[in-house]
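Where a number appears in this text, it was derived from the coordinates with a stated rule and is not lab data. These figures come from a predicted structure and were not determined experimentally. Neighbour counts run over all protein chains shown; Cβ positions are idealised from the backbone, glycine included.
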Amino acid sequence: MPVKRPKKPRVAIVGAGNLAGALAVSLRAAGYSIDLIISRSRAESVQRGRRLAREVGAMAVAGARARIQSEVVWFCVPDGAIAGAAQSLSGAADWKRKIALHSSGALTSDALDVLRKQGAAVASVHPLMTFVHGSRPPFKDVPFAIEGDKKAVPAARSLVGALGARAFAIRKQQKEAYHAWGMFVSPLLTALLAASEAVAATAGVSRTESRQRMLPILKQTLENYARLGAPASFSGPIARGDTDTVAKHLIVLRSLPGVREVYIALARSALRNLPSKNRAQLRRILKS
């Protein structure tokens, strides 16, 4: 006789933003039924919720009117709204035997404590990925940091596995450092690229042109990093100990004081963490 596979739980998504959209579409493609898209009551939020609900074959409802039958409820709202959203939905279901998840990188599962106290098993499930308007990256091989109750963690791992992603455990006390790590590898990297565009403009290259012209070296740098690691991928005047060139950079960047600060901070970080020559001289130049 064929082995009967366990039925996949129904999922309700709280939120209709970039992450909520990516998760809802990918979960549906993985065979999960998306019952509800629960949005805030503001007109713009309701409209986004309806659009996403149509896309995944779900019902759209404003939070105050939600009646949740789904076995899994996934909160995809900003960090500061998680506890409030959980409180507002505390009467929308019998939370016993339900799984409640949120996707904050910095907050622990305790943000859903109001639902835990009503019988839900809760967990924080955060993808180390960037989600912006107009882009829905695939979840294949994306790492998800998971922390929470014993009953919620296996369910979360199953959902993550169905997305083709990779779950890993994290302790509560590690969440803030983990999120700071994520800040470095995407938002602050984007800030560095924006600063690079400002320097390009000083060299007579427009922001649009600079973005296209930077892509080959950016791609090669990432390829080198992935294959060789940071020390072996580090190049340029600091690696060579070229003090004259660094001094010239600092002079030309005087017209961009904010960008100059970024250059100095990153150069000092490079001297601490990466192979370089003439360290003492370079430190003096950066200090002066």
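General observations
- Each principal axis of the Cα cloud of region 117-237 was taken in turn, and the coordinate range along them, longest first, works out to 62, 33, 27 Å.
- Estimated translational D of the chain in µm²/s (Stokes, Kirkwood radius over Cα pairs; 4 °C; 1.567 mPa s): 60 µm²/s
- Sorted by Cβ density within 10 Å, fewest first, the residues 25, 125: 25, 125
- Hypothetical label at residue 221: residues of region 151-192 whose amide nitrogen lies under 20 Å (7 Å Cα-Cβ projection): 181-192
- Computed from the C-beta positions of residue 177 and residue 54, the FRET efficiency with R₀ = 45 Å rounds to 0.70.
- Extension gain for the segment residue 7 to residue 243, taken as residue separation times 0.36 nm less the Cα-Cα distance, is 78.5 nm to one decimal.
- Annotation for residue 273 and residue 132: the two label points, set 7 Å from Cα along the Cα-Cβ direction, are 2.2 nm apart.
- Order of 179, 102 - criterion: other Cβ atoms within 10 Å of each residue's Cβ, fewest first: 179, 102
- Taken over the Cα atoms of region 11-173, the convex hull encloses 98 Å³ per residue.
- Of all DSSP beta bridges confined to the chain, the antiparallel ones make up roughly 15%.
- With R₀ fixed at 35 Å, the C-beta to C-beta distance from residue 69 to residue 188 puts the FRET efficiency at about 0.25.
- For the pair residue 281 and residue 41 in one chain, pulling the backbone fully straight at 0.36 nm per residue adds 80.4 nm over the alpha carbon distance.
- For region 189-255, trypsin sites (Lys or Arg not before Pro) meeting the loop criterion (DSSP other than H, G, I, E, B) and having at most 11 other Cβ atoms within 10 Å: none.
- Charge tally for residue 10 (other residues, Cβ to Cβ under 14 Å; Lys, Arg +1; Asp, Glu -1): +4.
- Ascending count of other beta-carbon atoms within 10 Å, so fewest first, for 32, 263: 263, 32
- Residue-averaged [θ]222 nm for the chain, counting only DSSP H segments that reach four residues, each worth -39500 (n - 2.57): -15000 deg cm²/dmol
- Under 26 Å from residue 151, Cα to Cα: lysines that are on another chain or at least 8 residues apart: 4, 7, 8, 96, 98, 117, 140, 172, 175
- Two-decimal log10 I(q)/I(0) for region 185-287, as the Debye equation yields it once each C-alpha is a single scatterer, q = 0.19, 0.20 Å⁻¹: -1.12, -1.23
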